[in-house]
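Okay, structure first, notes after.
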Amino acid sequence: MPMGTPKKIKKKQTPEAQFHSSLTLCSKHKDLPTAISLYESAVSQNTRLNHHHFNTLLYLCSNSVADPSIKQLALENGFRMFDHMLSIGVLPNEATITAMARLAAAKGDGDYAFGLVKGMEKYKIFPRLRSYDPALFCFCEKLEAEKAYEVEEHMGMVGVSLEEPEIAALLKVSAETGNGERVYGYLHKLRNAGRCVSESTAKNIEDWFCGGAACEVGEVNWDSVRVKESVLRNGGGWHGQGWIGKGVWDVKRTNVDLSSSQCSSCGERLVCVDLDCAETERFVKSVAALAMEREVKSNFSEFQDWLDKHAEYEAIVDGANIGLYQQNFADGGFSLTQLDAVVKELYNRSGGKWPLVVMHNRRFRGLVENPSHRKLFEEWMGKGILYATPSGSNDDWYWLYAAVKLKCLLVTNDEMRDHIFELLGSSFFLKWKERHQVRYTFAKGNLKLQMPPAYSSVIQESENGSWHVPVADESCQEPGRTWLCFTRQSVSKACGEVSQKLASSQNGGICDNHELRSCTSDSVASHNDKITVVTGKRKERSPSPSHLNISPA
């Protein structure tokens, strides 16, 4: 008989290993009764149980409370296992506390669940959103509003942010207990937390506006000037001054007309929401700080000084992005024709104001050596259209800073996902891009600018107190999206008059097809100053480009 490879003798598993293997199988199949039997057997045999074993058991218990047939089994054994865990000196982690908080909430004991989270500090554990959810939702379901607010406050103290489900639960308990001021606050928190709301959240909001308490909140006489100033200061779309008006609300599901931005129900015109003044200031400082850290400080600070003296631009143009668009073919290079088309289109749309083209000095010098380009560049230099960033710089910092600082449009197809943009985070950036970025295409040589959207699909509060809430759907596309419209019957007439005025002047605005408007409400000085190309090292403006030492080819 030929000799073969001897079979490996399977090593006998230790009791701990056997328990671990069997428990893992129970977890996979969500088999709580078998897991409990395994646990009982392990305890009777003095099998050493570790942190992972207890967490698996508690996870199974907390996940089983939704099944009425084994809920009681899960509760009894879950608390017993937790006590056993602590008694033998196995310390809990965040997952342990969260599982126990879920068990406590399933028992209706929100206080115990919240106490567990507050006690995490003694174990040097940091809670997460899921750690707070059991206590928060338990209090909300039992209409223990003050306790729910206490949970929210504790979350804020440790830096845990609310998301839509938590805000919706707090809004609902506030509505059901008649706390209109809290409802108002949570509507604004929803506005900040995301864009469209889920159908379940939409139903909670509708229930509030249909209820009697909503009819009673609000001021009959309000300071319309202060409200208008707040809207401007907040970037449009909300004022935050409290409930306006009094009386019954008209509650409707409707759509928003894409061309006019008007609500099909009340006629209110929605807006494209910008950063508020405080957010804009923080964003400007953030961009400047990162640029100064990564650029030559003297170069970027000189650009900042120059921009302070030339703040009249309404559009900034990413020159390289446009010049290199669709140039990846055999004879492709840098299309100055495309860049010139964008410059002229922006000039025409703005009613005679030139944009600022930002381009790296190296690229500018290479282009201007071509005699066929020289005349156009001389025209641009005379009109103050071009800023050449210094050698060794990243021109992205310059055009981004200029657009943010001047609160104006930025023409680029750059999705701004590179590492330098990642440094900025997304809190302000995505909202700013939606309001300020202009994309473009060239189809058979014809330029088409894609202006910022006419309105933002976010919760909006108008100057006359109406609310518009976008509801999430599968497509998440306008204009088919459903919007909730909440308008006081007492101000419906005023809204109608406003919408008629808006309809008669709807050709104005940033998203019009024929005219480019500034993104800032500040008055903009006329462009009388004629400047040359400015490089990062330039100390003074000069009437000629001689400092660049450009000689005719």
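Please determine whether any residue of segment 461-474 is in the same structural domain as ASN361 (by the TED database) and either over 18 Å from the mean Cα position of the chain (by Cα) or β-branched (Val, Ile, Thr) (or both).
No, the conditions are met nowhere in segment 461-474.
Would you be able to say whether some residue in segment 313-334 is open to solvent by 30 Å² or more (accessible area, probe 1.4 Å), out of contact with any Asp or Glu (no Cβ under 7 Å at 6 or more places or on another chain) and over 24 Å from ARG439 (Cα atoms)?
Yes, there is a match, as at least one residue in segment 313-334 is open to solvent by 30 Å² or more (accessible area, probe 1.4 Å), out of contact with any Asp or Glu (no Cβ under 7 Å at 6 or more places or on another chain) and over 24 Å from ARG439 (Cα atoms).
Looking at segment 177-186, which of its residues are open to solvent by less than 10 Å² (accessible area, probe 1.4 Å) and either among the aromatic types (Phe, Trp, Tyr) or closer than 21 Å to GLU199 by Cα (or both)?
Across segment 177-186, the qualifying residues are VAL183, TYR186.
Condition check: surrounded by fewer than 21 Cβ atoms within 10 Å (Cβ to Cβ) and closer than 25 Å to LEU336 by Cα. Does LEU409 satisfy that?
No.
Which condition breaks for GLY211 when tested against (1) open to solvent by less than 40 Å² (accessible area, probe 1.4 Å); (2) in contact with a strand residue (DSSP E or B) (Cβ under 8 Å, 6 or more places away or on another chain)?
The failed condition is (2).
Residue by residue, here is whether (1) loosely packed, with under 14 Cβ neighbours inside 10 Å; (2) assigned by the TED database to the domain that holds TRP432; (3) within 21 Å of TYR186 (Cα to Cα) holds:
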| site | (1), (2), (3) |
| --- | --- |
| THR201 | no, no, yes |
| CYS215 | no, no, yes |
| VAL231 | no, no, yes |
| VAL251 | no, no, yes |
| ASN255 | no, no, no |
| SER259 | yes, no, no |
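State whether one or more residues within segment 275-296 are surrounded by fewer than 17 Cβ atoms within 10 Å (Cβ to Cβ), without any contact (Cβ under 8 Å) to a residue 40 or more places away in the chain and among the β-branched types (Val, Ile, Thr).
No - not one qualifying residue is present in segment 275-296.
Considering only segment 30-82, how many residues are without any contact (Cβ under 8 Å) to a residue 24 or more places away in the chain and at positive phi?
1
For segment 162-176, how many residues meet the condition of being open to solvent by 40 Å² or more (accessible area, probe 1.4 Å) and assigned to a helix (DSSP H, G or I)?
4
Which one is least open to solvent (accessible area, probe 1.4 Å) among residues in segment 119-132 that are over 19 Å from HIS51 (Cα atoms) and touching a helix residue (DSSP H, G or I) at 6+ places or on another chain (Cβ under 7 Å)?
Within segment 119-132, the match that is least open to solvent (accessible area, probe 1.4 Å) is TYR132.
For segment 233-249, enumerate the residues that are open to solvent by less than 70 Å² (accessible area, probe 1.4 Å), part of a loop (DSSP other than H, G, I, E, B) and either free of Cβ contacts under 8 Å to residues at least 40 places away in the same chain or not polar (S, T, N, Q) (or both).
Result: GLY235, GLY236, GLY237, TRP238, HIS239, GLY240, GLN241, GLY242, TRP243, GLY245, GLY247.
Being open to solvent by 50 Å² or more (accessible area, probe 1.4 Å), part of a loop (DSSP other than H, G, I, E, B) and within 18 Å of SER87 (Cα to Cα) is the filter here; which residues of segment 30-51 pass it?
GLN45, ASN46, ARG48, ASN50
Quick check on this structure: which one of LEU143, LEU103 is at pLDDT 95 or above, in the same structural domain as LYS172 (by the TED database), within 19 Å of THR56 (Cβ to Cβ) and not hydroxyl-bearing (Ser, Thr, Tyr)?
Sole residue among the options that is at pLDDT 95 or above, in the same structural domain as LYS172 (by the TED database), within 19 Å of THR56 (Cβ to Cβ) and not hydroxyl-bearing (Ser, Thr, Tyr): LEU103.
Applying the selection to segment 59-78, what residues are in contact with a helix residue (DSSP H, G or I) (Cβ under 6 Å, 6 or more places away or on another chain) and either outside the structural domain of ALA106 (by the TED database) or under 16 Å from LEU23 (Cα atoms) (or both)?
Listed by number, the residues that qualify are TYR59, LEU60, CYS61, SER62, SER64, ALA74, ASN77, GLY78.
The values are calculated or read from the model by the stated rules, or taken from the named source; none is laboratory data. None of the values given here were measured: they were computed from a predicted structure. All Cβ positions, even for glycine, are placed from backbone atoms using ideal geometry, and neighbour counts span all protein chains on display. For the accessible areas, the whole protein counts, side chains as well, though only heavy atoms, and no ligand, DNA or RNA atoms are used. Shrake-Rupley method; radii C 1.70, N 1.55, O 1.52, S 1.80 Å.
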